[in-house]
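The values are calculated or read from the model by the stated rules, or taken from the named source; none is laboratory data. It should be emphasised that the depicted structure is a prediction, and the values quoted were computed from it without experimental measurement. Virtual Cβ from ideal backbone geometry, glycine too; neighbours counted across all protein chains shown. The accessibility values were calculated without ligands, DNA or RNA, using every heavy atom of the protein model including side chains. Shrake-Rupley method; radii C 1.70, N 1.55, O 1.52, S 1.80 Å.
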Amino acid sequence: MSGHELRELFLSFFEKKGHTRVKSASLIPESDPTLLFVNAGMVPFKNVFLGIEKRPYTRAVSCQKCLRVSGKHNDLESVGYTSRHHTFFEMLGNFSFGDYFKKEAIEYAWEFVVEELKIPKERLYVSVFKEDEEAFSIWRDHIGLPEERIWRLGEEDNFWQMGETGPCGPSSEIYVDRGPEYEPERYLEIWNLVFMQYNRDEKGQLHPLPKPNIDTGMGLERVASVLQGTKTNYEIDLIRPLIAFGEELSGIAYGSHFEKDSSLRVIADHLRALTFAISDGVLPSNAGRGYVIRRILRRALRHGYRLGIQEPFLHKGVELVVEIMKEPYPELVQSLSFVKSVVRGEEERFINTLRKGLPVAEELLEKAEGGVLSGREVFTLYDTYGFPLDLLEDMAREKGIRLDMEGFEREMEEQRERARKHFKIETKEVKPIYEHLKEIGKTSTFVGYEETKKDTHVIALIREGELVSELRAGERGEVFLKETPFYAERGGQVGDTGIIRTKEGLFVVEDTQSPTEGIIAHIGYVKEGFIKVGDGAYAHIDEERREDIKRNHTATHLLHSALREVLGDHVRQAGSLVADRYLRFDFTHFQALTEEEIRKVEELVNLQIIKNQPVMAEEMDYQSAIKSGAIAIFEEKYGERVRVLSVGDFSKELCGGTHVSRTGDIGYFMIVSESSVGAGVRRIMAKTGRWAVQHAFEERRLLKEVSQSLGVSPEDLPQAVQKLLSEIKEKDREIERLKQKLLTGDGLSGIKREELGEVELYYGVLEGVEPKDMLVVADRIRNNSQRAVVFLLGRREDKAFFLIALSRELSVRLSAKELGAVVSKHMGGGGGGRDDLLQGGVKAPEGFEKALEELKAVIISKFMEVRR
């Protein structure tokens with residue numbers, strides 16, 4: 001049985017048992033701040049288990065993408081060296097939310113394993129939590145399993161929890177006896193049935209859940225290994241081709257050497273993790289999820305290096321992963337080009353990093369004291385330079401140097417602790433008041449695709465976070481309607497504004513939000529009278545503003561397609577804001593757009609506007625939509641049914657927003673700016689319709705004003721500006737030449753000279769100079785005198801600064817810093833320098849004369865002491 005057949009068999013089996021098939025969620029947890037990645041099949045259902053979220057079903061079945069690389073399930077360092085550990089894997093699971101419990105869960109599992117997978121009963125064993133008598137009895141008395149094949153195990157083995165906190169409960173595991181030839185993994189656990197009864201809080205205490213639930217997890221790769229008779233998970237049909245990819249590149253046959261086999265397995269596993277994670281929108285970086293993905297990629301590269309592969313190669317394997325997995329995950333095909341470009345860029349950067357790190361590693365090894373490279377230095381090479389430990393160990397061995405790995409581990413643990421303290425994930429937290437509204441059925445229906453005004457009625461009111469029966473004039477609050485034409489902010493599109501009028505009052509809607517599915521909050525204030533729950537209401541959005549938003553939203557889709565056409569298929573939306581006056585579009589690309597590229601993108605979008613193509617919206621199931629070529633957006637969460645928006649053959653995306661009927665309604669599209677917002681992500685700001693026209697008018701006005709002030713036509717403006725800049729540069733050079741001549745020639749006549757015994761004191765005030773100019777003057781004086789003290793005050797605009805300089809011969813007996821103290825006393829400020837030179841700013845330049853007099857006194861006193 002192939003991996004794909006196994007997946008479909010499992011999903012279909014539980015569908016027949018009344019379960020709703022739920023597609024895999026993204027690897028990025030939607031609302032769990034404790035997790036970097038989804039690491040188990042139950043994660044997308046966590047809030048359902050906790051009783052704070054309702055679903056339209058009580059039984060579910062899924063095949064969930066999982067990534068285990070951090071936290072409690074940190075499998076990264078084991079991957080490749082064991083037969084079962086993976087970073088990326090698929091978790092088959094069936095779930096009950098307060099519906100069935102232990103008896104049915106055990107019955108379903110036994111039926112599937114024995115009758116569908118055809119695994120002989122005599123090869124099956126189970127374990128139960130040692131205190132769970134109910135599960136033990138079901139297996140023995142109801143299923144008929146002999147007692148000797150039911151193992152009672154402790155909390156470590158048979159009490160499951162997702163993390164340090166959250167849903168948990170006793171579990172029962174099913175094992176297969178694979179026979180003595182599979183030692184030491186003869187008894188292989190294939191399915192974990194968790195009887196979710198508790199929630200563990202931050203103090204470690206257990207609290208009963210509102211209703212007991214069922215959460216089961218069966219690793220697809222592990223079961224496929226049993227059914228396909230492979231020694232490890234890596235030889236199954238979903239992974240073995242990736243091993244072959246590594247064999248072909250390295251020229252090393254799998255099965256010839258444990259260390260080399262491990263490296264081939266690392267590459268195969270990590271290719272899957274990288275492809276799925278990046279496709280879900282996780283980009284390599286130095287923090288959070290991005291750091292984990294960067295570590296996975298670099299670990300795969302290091303193992304490639306161990307196999308003799310020294311050029312970028314992982315990006316080539318991405319295509320193979322997509323080819324293998326595109327049937328159940330058709331969205332991978334869309335992101336193929338993007339994932340390949342991200343991986344390729346990261347590979348090249350790391351190889352450059354490695355080249356930079358090699359000389360640093362060699363230098364540190366040469367200087368290692370006592371034949372030991374300290375743990376801190378090992379950590380610096382590993383963490384700062386990304387230098388492979390195994391390569392460092394090889395280099396150290398050749399030089400007879402020992403690595404302080406204990407010190408290294410201490411540094412690593414300190415870094416982990418720092419990361420834990422600073423780790424924050426933005427999650428969508430739903431206030432209990434909104435969940436309560438949902439539970440009591442106060443949900444709203446959006447009718448705004450077709451209507452901009454609607455006769456409806458008020459179903460709930462909130463003031464200062466509490467449900468109330470009425471809102472009076474001047475009070476701020478939230479209004480909830482049975483049906484509403486107001487679009488709630490989501491998918492990057494801002495919420496609608498407008499009015500809600502009842503018989504007794506007028507409510508001004510300043511924003512519309514949807515804190516949780518089905519709840520639409522109209523946020524604003526009562527302008528007149530009062531609003532009461534149960535009132536009939538007339539809801540009317542600001543239609544002109546909505547039309548502006550629609551233009552920008554459809555233009556965003558056209559922009560996305562134009563960017564992909566001009567720059568390549570690696571371009572994917574990475575964020576957006578669709579407002580009324582402008583749109584903001586973030587996308588994946590690795591360099592700034594040229595003026596020519598921006599022009600082409602603008603032309604393409606405006607060409608679609610001129611064509612006046614119809615904009616079509618159609619509902620379909622998610623898988624069909626993706627297979628039809630519709631683009632899904634990274635940060636969006638999609639249900640089983642999706643809305644597909646198409647503009648001819650030019651654009652096709654999943655989108656729940658509001659749009660124009662035809663592209664001609666947009667009127668005009670104009671890019672205002674293009675910039676960077678992070679590594680590999682660019683941002684375009686643009687305008688459409690009347691706001692684009694207004695922007696164009698303003699630009700034309702400015703162009704006309706500048707042209708007239710320079711006395712040229714707008715067409716000749718670029719050449720005129722270039723000529724003006726050249727003239728300014730030439731004048732700047734002439735000014736500099738004259739200033740140097742002034743400072744080194746006759747300009748010195750403005751500086752006074754006074755004999756103070758053995759010392760020549762030069763002093764004066766220079767206007768319109770910089771500190772560097774005063775240094776030129778001081779150096780000229782000191783070059784011509786071996787007994788000079790120079791005291792200058794410079795002024796430029798509203799800034800003032802001083803300089804004290806001494807001939808080197810004098811600096812032995814008198815310090816510039818000593819004289820600087822006198823300047824600070826009378827003029828404020830201060831400076832820094834050497835014994836023969838001090839420069840700095842002053843706050844009170846008017847104190848120059850007093851400072852000069854005391855300076856003279858200090859010099860005379862100092863040299864009289866010397867004579868005595």
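Scanning the stretch 402-438 for residues that are modelled with pLDDT of 85 or more, farther than 20 Å from Asn47 by Cβ and part of a helix (DSSP H, G or I) yields a count of 7. For the stretch 609-632, a residue qualifies if it is surrounded by fewer than 19 Cβ atoms within 10 Å (Cβ to Cβ), under 24 Å from Arg546 (Cβ atoms) and either touching a Cys at 6+ places or on another chain (Cβ under 9 Å) or touching a residue at least 60 places away in the same chain (Cβ under 8 Å) (or both), and exactly one does: Ala617.
Is at least one residue of the stretch 519-537 out of contact with any strand residue (DSSP E or B) (no Cβ under 6 Å at 6 or more places or on another chain), surrounded by 18 or more Cβ atoms within 10 Å (Cβ to Cβ), closer than 21 Å to Ile52 by Cα and not charged (D, E, K, R)? Yes, the stretch 519-537 contains a residue that is out of contact with any strand residue (DSSP E or B) (no Cβ under 6 Å at 6 or more places or on another chain), surrounded by 18 or more Cβ atoms within 10 Å (Cβ to Cβ), closer than 21 Å to Ile52 by Cα and not charged (D, E, K, R).
Candidates in the stretch 674-726 are the residues that are hydroxyl-bearing (Ser, Thr, Tyr) and over 20 Å from Val605 (Cα atoms); of these, the one that is most open to solvent (accessible area, probe 1.4 Å) is Ser709.
Checked against the criterion of being under 50 Å from the mean Cα position of the chain (by Cα) and either surrounded by 13 or more Cβ atoms within 10 Å (Cβ to Cβ) or modelled with pLDDT under 90 (or both), the stretch 809-825 has no qualifying residue.
Restricting Gly3, Gly51, Gly93 to residues that are open to solvent by less than 10 Å² (accessible area, probe 1.4 Å), in contact with a strand residue (DSSP E or B) (Cβ under 7 Å, 6 or more places away or on another chain), touching a residue at least 24 places away in the same chain (Cβ under 8 Å) and not aromatic (Phe, Trp, Tyr) narrows the list to Gly93. The residue of the stretch 436-464 that is nearest to the chain's Cα centre (by Cα), among those that are among the β-branched types (Val, Ile, Thr) and open to solvent by 70 Å² or more (accessible area, probe 1.4 Å), is Thr445. Please go through the stretch 323-332 and pick out each residue that is open to solvent by 20 Å² or more (accessible area, probe 1.4 Å), in contact (Cβ under 8 Å) with a residue 60 or more places away in the chain and either closer than 19 Å to Pro241 by Cβ or touching a Pro at 6+ places or on another chain (Cβ under 7 Å) (or both). Matches in the stretch 323-332: Ile324, Glu327, Pro328.
Considering only residues of the stretch 336-374 that are open to solvent by less than 10 Å² (accessible area, probe 1.4 Å) and of a type in the set (A, V, I, L, M), which is nearest to His303 (Cα to Cα)? Only one residue fits best here, namely Val343.
If you go through the stretch 482-501 and keep only what is surrounded by 22 or more Cβ atoms within 10 Å (Cβ to Cβ) and part of a strand (DSSP E or B), you end up with Thr484, Gln493, Gly498, Ile500.
When we screen Ile309, Ile296, Ile267 for residues that are part of a loop (DSSP other than H, G, I, E, B), open to solvent by less than 40 Å² (accessible area, probe 1.4 Å) and within 24 Å of Ser78 (Cα to Cα), the only hit is Ile309.
The single residue among Val842, Val765, Val759 that is among the hydrophobic types (A, V, I, L, M, F, W, C), open to solvent by 50 Å² or more (accessible area, probe 1.4 Å) and touching a Phe, Trp or Tyr at 6+ places or on another chain (Cβ under 9 Å) turns out to be Val765. Looking across the stretch 312-322 at every residue that is closer than 30 Å to Leu392 by Cα and assigned to a helix (DSSP H, G or I), the one that is most open to solvent (accessible area, probe 1.4 Å) is identified as Lys316.
Restricting attention to the stretch 48-88, the residues that are modelled with pLDDT of 90 or more, closer than 27 Å to Phe101 by Cβ and not in a loop (DSSP other than H, G, I, E, B) add up to 7.
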